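Colleague: My questions will all concern the structure given below.
Laboratory data are not the source of any read-out in this text; all were calculated from the coordinates shown. These figures come from a predicted structure and were not determined experimentally.
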Amino acid sequence: MKRTKNRILSVFLSVCMIISCMVGISITAGAAGSVSFLDADGTEESCTTYTSVTESTTAWSTGWYVVDSTTPINSSRVTVTG
């Protein structure tokens, strides 16, 4: 009886984990549109053309760069030109 209860609980928790991962994926995919920011006057603006920063994005030139989560860049420094 205890073994059956443990198996049911483990299946339930596995299903919950899978569902939570699927929700996270859909939220991330939907966030790829525009990014809101405040300009120098405090007015809310939006940007639709930008580069998402990842661990390997270490050379930045012109344009907008967006970090949408904790992104450690441990391999080297970020070089900014332009």
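Colleague: Tell me which residues come under 5 Å, amide H to amide H, from Y65 once H is placed; ignore anything under 5 positions away on its chain.
Modeller: Long-range HN contacts for Y65: T51.
Colleague: Now a separate question. Give the long-range amide H neighbours of W60: residues separated by 5 or more places, or on another chain, with amide H under 5 Å away, using H modelled in the peptide plane at 1.01 Å from N.
Modeller: Here T79, V80, T81 satisfy the definition.
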